[in-house]
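Each reported figure results from applying straightforward, stated rules to the coordinates on display, with no laboratory input. Please read these numbers as outputs of a predicted model, since none were measured by experiment. Note: ideal-geometry Cβ built from the backbone for every residue, glycine included; neighbour counts use all protein chains shown.
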Amino acid sequence: MKISSTVIGKMLATTLFVGLSLNVACAPVAKVQTSKANQLSQAYVWYDGDREQKIWMNPQLVADFSKGADKQTVLGANVIATPVPTRHLQAGVRMWKLGGSTATAASTAIQSLQASQPAGKYSPVFHDGASNSAGMRALPGNIIVYLDPSWDVAAVDTWLKAKKLEVVKKLEIGPNIYVLKTGPGLAALDTANALYKSGEVKAAFPDWWQEIEVK
């Protein structure tokens, strides 16, 4: 199923605003104060409608969306982790900078955190450019999906059951646009990408948490 890039662009502009508001609109979000700029090498993609967007993982940052894991829990995953200072409180997220410089530091820490706190919500931190000075985004969980607007309720329910997906909410900005439940982190990104590549949906992308600089 295909849709013109002009139409999907207009629809997605509205949806991206709604999706981001789910994660960041409830409080001011400040530019995170990190160390000097470093180049990043581990790239991933996501799909903004039919446009492929590239992001880069920061191997030294972890985002905690589980309402504040205590420091001892995080230290259990990375013994020299430190909270990342910000100028203002960030909405719904706490950032941790990890000790060490290996490319897998964040992934290893997240695996450890999830093993010790299965209900926790942890995500790698990504940048919109290949430098840690570029804008940040992370994956608290859930994806936004545009289904065929001609489907009736029964068709939507049948598709959801076949995919074993659960609706978090229906977005009233167009026909058959839903927030669907996924785990945090790469689980959300992988699910959205797989759905988009299947050709069964008009669009699918994570419900991103995105950094907004307060000036």
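Apply the Karplus parameterisation 6.51 cos²θ - 1.76 cosθ + 1.60, with θ equal to phi minus 60°, to every residue of region 50-62 and state each ³J(HN,Hα) to the nearest whole Hz, in sequence, with x for glycine and proline.
So the J values, rounded to whole Hz, are 9, 9, 7, 10, 9, 9, 10, 7, 8, x, 10, 10, 10.
Could I have the simple spin-label model distance between I173 and N38, label points 7 Å from Cα toward Cβ, reported in nm to one decimal?
That separation, rounded to one decimal, is 3.5 nm.
Want the number for S198 to T82: 0.36 nm per residue separation, take away the alpha-carbon distance, what's left?
Gain on stretching S198 to T82: 37.7 nm.
Scan around K202 for amide H atoms under 5 Å from its own, H built in the peptide plane at 1.01 Å from N, and keep only partners 5 or more places away or cross-chain.
Counting only residues 5 or more places away or on other chains, the set is Y146, L147, D148.
For Q117, list long-range residues whose amide hydrogen, built 1.01 Å from N in the peptide plane, is under 5 Å from its own amide hydrogen.
Result for Q117 returns nothing.
With 32 Å as the limit, write out which pairs from K169/K197; K97/K164; K54/K169; K97/K161; K97/K202 have Cα-Cα distances beyond it, or answer none.
K97/K164; K97/K161; K97/K202
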